[in-house]
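Down below is the structure, laid out as structure tokens.
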Amino acid sequence: MKKNYCSLLLIRVLKNTIQIFIDSFFVLYFMQLSNDNIMALGTYNLFLYTALIMVIFLIRNLLKKKNRIYLLRAGMIFNFLFFLLIILLNKNMIKYAPLLGIIYGFEEGLFFSIFNVYESTIEKKKLAKYSGTYTALNSILSIVIPIIFGSVMSFKGFEKCTMIVLVLVLIKLILTFIYSDENVPKANKINLKKYFKLIKRNKELLDGHMASFTNGLTYGGAFNLLITIYIIKVFKTGFSLGILTSIFSLITALASVIFANYISRKKYKNLIIICNGLTIAILILMVVKCNPITIIIFNFVQSFAKTYSTLINTNNAIILSQRKEVKDKYKEEYYMTHEMFTYVGRLISYTVFCTLAFANTEFKTNVIMLIFIIFMILRTIFQIRLQNCAIKEDKKL
């Protein structure tokens with residue numbers, strides 16, 4: 001139904017808008033309150049992803065129930081509570097970093113466990129339009145929203161900025177009451193044991209989930225946070241952060257348009273090698289010389305490298321989910337395992353990130369950067385394997 005299509009689209013766009021606030025401005029404020037002590041931020045993220053994995057495991061058998069829409073709503077209630085606590089605690093939030101991490105982890109676990117399943121129910125003929133519309137809306141908002149958040153934070157304060165986000169969460173919650181869950185599967189229990197046996201027999205599925213794991217190590221984990229902190233150290237204010245984020249979002253939007261219109265699936269493998277290769281090269285450059293110029297160069301490269309790498313990965317993961325045995329029996333298990341592999345990668349990534357708190361010398365910091373370079377190399381290897389698997393599946397479909 002059209003209302004379902006529109007509801008999912010708006011929920012996803014609002015989710016990403018809120019994520020812009022979390023990834024940049026929440027991190028900026030958190031670092032200011034903690035006097036640039038990244039241990040508090042690392043602790044927050046470790047509690048977040050530990051709680052998230054627990055939620056995914058605990059609710060696994062509810063993903064095939066008729067009332068599973070309540071999982072999505074519960075996640076948004078936790079989201080509302082998270083931002084309400086931020087407003088109430090304000091400058092004392094650092095003391096409650098573990099609690100905030102747990103609450104946000106509950107929201108993320110509940111949201112992604114079910115939302116990916118709902119998106120997979122979109123008809124194939126409408127999927128391209130859905131993805132295209134989402135990309136267009138998200139690209140526009142990614143340019144405008146950072147300037148709005150940055151301006152509000154600089155001139156009105158962090159609390160006013162958070163109140164705007166609180167309203168967005170309420171709109172998201174209202175949209176779940178418009179959505180109607182019409183594709184509830186048979187109420188069989190989630191059977192991860194059988195699915196893991198299937199993975200053992202299918203190297204393609206294992207490679208697909210390992211690609212998710214390496215995504216958790218890199219773009220899905222502390223890698224982006226590490227770069228955000230480097231930017232914050234150089235460009236101190238929320239307004240400057242907003243302007244830079246908007247500029248790089250504009251480049252990302254252009255990259256998305258080029259990808260959608262001019263890049264064929266035949267070019268994916270070469271694109272993976274080029275994008276990840278450039279990222280590794282710039283990271284090495286930052287180890288040698290980290291200054292405002294190298295940070296700007298890195299973000300410029302990432303504007304298209306990360307975009308292409310992520311879009312290819314997402315498309316290939318969807319194609320892999322169309323395998324007959326997955327589509328007929330294990331769709332929920334597939335997406336659940338996909339999230340679990342991603343979040344295990346994130347836990348490792350944030351554990352490495354926390355060691356930065358003890359890295360008092362430039363040498364130790366560079367060693368940690370080199371570890372992330374190794375993570376990026378691993379991502380490249382498994383992304384190429386996933387691409388090869390997707391090519392095989394594409395021929396079957």
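Some points to look at:
- Here Ser154 meets the list (1) open to solvent by 30 Å² or more (accessible area, probe 1.4 Å); (2) under 21 Å from Tyr335 (Cβ atoms); (3) polar (S, T, N, Q) almost entirely, failing just condition (2).
Every residue, every condition in (1) open to solvent by 10 Å² or more (accessible area, probe 1.4 Å); (2) hydroxyl-bearing (Ser, Thr, Tyr), yes or no:
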residue	(1), (2)
Asn191	yes, no
Lys197	yes, no
Arg201	yes, no
Leu206	yes, no
Met210	yes, no
Asn215	yes, no
Tyr219	yes, yes
Phe223	no, no
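- Matching residues, region 266-293, being without any contact (Cβ under 8 Å) to a residue 40 or more places away in the chain and open to solvent by less than 10 Å² (accessible area, probe 1.4 Å): Cys275
One line per residue, one yes/no per condition, for (1) of a type in the set (Ser, Thr, Tyr); (2) farther than 23 Å from Asn315 by Cα; (3) in a helix (DSSP H, G or I):
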residue: Lys267; (1), (2), (3): no, no, yes
residue: Ile272; (1), (2), (3): no, no, yes
residue: Leu283; (1), (2), (3): no, yes, yes
residue: Val287; (1), (2), (3): no, yes, yes
residue: Cys290; (1), (2), (3): no, yes, no
residue: Val301; (1), (2), (3): no, no, yes
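- Selection status of Asn116, outside any loop (DSSP other than H, G, I, E, B), out of contact with any Lys or Arg (no Cβ under 9 Å at 6 or more places or on another chain), at positive phi and not aromatic (Phe, Trp, Tyr): no
- When Lys66 is tested against (1) basic (Lys, Arg); (2) touching a helix residue (DSSP H, G or I) at 6+ places or on another chain (Cβ under 6 Å); (3) open to solvent by 60 Å² or more (accessible area, probe 1.4 Å), exactly one condition is not met: (2).
- Listed by first and then second residue, the pairs with beta-carbon distance under 6 Å, at least 6 apart or on different chains, first residue in region 378-391 and among the charged types (D, E, K, R), second part of a helix (DSSP H, G or I), are Arg379/Thr214; Arg385/Asp207.
- On inspection, Asn61 passes the criterion of being more than 15 Å from Pro98 (Cα to Cα), open to solvent by 40 Å² or more (accessible area, probe 1.4 Å) and assigned to a helix (DSSP H, G or I).
- Hey, Glu159 under 30 Å from Phe259 (Cα atoms) and of a type in the set (Asp, Glu) or not: no
- Out of Asn79, Asn138, sole residue that is within 17 Å of the chain's Cα centre (by Cα), at pLDDT 90 or above and closer than 15 Å to Gln19 by Cα: Asn79
- Residue within region 245-257 that is modelled with pLDDT under 85, among the aromatic types (Phe, Trp, Tyr) and open to solvent by 20 Å² or more (accessible area, probe 1.4 Å) present: yes
- Filter result (closer than 15 Å to Pro98 by Cα and surrounded by fewer than 20 Cβ atoms within 10 Å (Cβ to Cβ)) within region 21-36: Ser34
- Among residues of region 37-47 being of a type outside the set (Phe, Trp, Tyr) and closer than 18 Å to Asn92 by Cβ, the one that is modelled with the highest pLDDT is Thr43.
The values are calculated or read from the model by the stated rules, or taken from the named source; none is laboratory data. Values in this document were obtained by computation on a predicted structure and should not be read as measured data. Note that we place each Cβ from the backbone using ideal geometry, even for glycine, and neighbour counts take in every protein chain shown. We work out accessible area using only protein heavy atoms, side chains counted, and drop any ligands, DNA or RNA first. Shrake-Rupley method; radii C 1.70, N 1.55, O 1.52, S 1.80 Å.
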